[in-house]
Amino acid sequence: MPEVSIETVDRVQILRITRPDKKNALTEAIYKRLTDALEAGDRSRNIAAHVFMGSDGVFSAGNDISEFLALSKDSGTLGEETVRFIRALPAVGKPMIAAVDGLAVGIGTTLLLHCDLAYASPAASLRTPFLNLGIVPEAGSSLLMPRRIGYARAFQMLCLGDAMTAEEAREAGLFNAVVSASDLEVTALDAARRLAAKPPEALAAARRLMRGDPAEVVARIDAEIAEFRRRLASPEVREAFEAFLEKRPADFSRPDRG
């Protein structure tokens, strides 16, 4: 079974990744379970908000690299369920909240750009090392991150690959608050319950007005996927993947490698 725990408490759907042995890295099966739950939750009158959580002190290490390499080699693009998940995020109609403890890598960070509220423990650490693998930002982050935190900080994260601490991310506007690890989930669930008590139609309307046209974000996601597909055929990606598997630094200085 996919390593995701899904439960509903006080009309709040809790989506918890439970794959601690792999630092909660996401597989196609996990993406499918998450997307199915988001879509079902949006249709249900018994669910008013979605909350993403990790487990064992880790939010998510991003895509499962072994599966990612196999899928990208076979299909020349992201996996079908990965694409379905990231394209679904802008369309989710009910509030999404994240409780981030520990590592949040790749999609573990870019997911936050689609959440309406996000809370972190002091141990939270955000990383988007896309360029290290010769690929490009995903999940609409090339559009949403510069808007959220400014171009300079977004470039530092997405292109230079610098990590961001919990407090730095709060100051940049990616987290609403940094709280103790013991208070993290309680804080996120309390916010979700407060939203669940609001008039649902008014909340949905306010959220639509604030978030703007989801088609713009989906269009950027599709552009990122198209560029991603082109990048997978490049010598740079071949060198990056080989270096990763061989556990050595990548060398992009040779013409046949970049």
_Looking at the chain as a GNM with Cα springs under 10 Å, which of 34, 133, 103 has the largest mean-square fluctuation?_
133
*What value, in deg cm²/dmol to 500, does the helix sum -39500 (n - 2.57) over DSSP H runs of n ≥ 4 give at 222 nm once divided by the residues of the chain?*
-14000 deg cm²/dmol
*Can you give the Kirkwood hydrodynamic radius of the chain from its Cα pairs, in Å with one decimal?*
18.6
_Give me the percent relative contact order of the chain, please, defined on Cα pairs under 8 angstrom at least 6 residues apart._
18
*Residue-count net charge about residue 4 - beta-carbon cut-off 11 Å; Lys, Arg +1, Asp, Glu -1*: +1
_If you fit an axis through the alpha-carbon atoms of helix 235-246 and take the longest principal axis of the Cα set of the chain, what angle between them do you get, 0 to 90°, nearest 10?_
80
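Between beta-carbons, use under 13 Å as the cut-off and find the net charge around residue 44, counting Lys and Arg +1, Asp and Glu -1.
Result for the neighbourhood of residue 44: +1.
FYI, it's all coordinate maths here, none of it is from the lab. Note that the structure is predicted; figures quoted are calculated from it, not measured. Ideal geometry is used to build each Cβ from the backbone, glycine not excepted, and the neighbour counts take in all protein chains shown.
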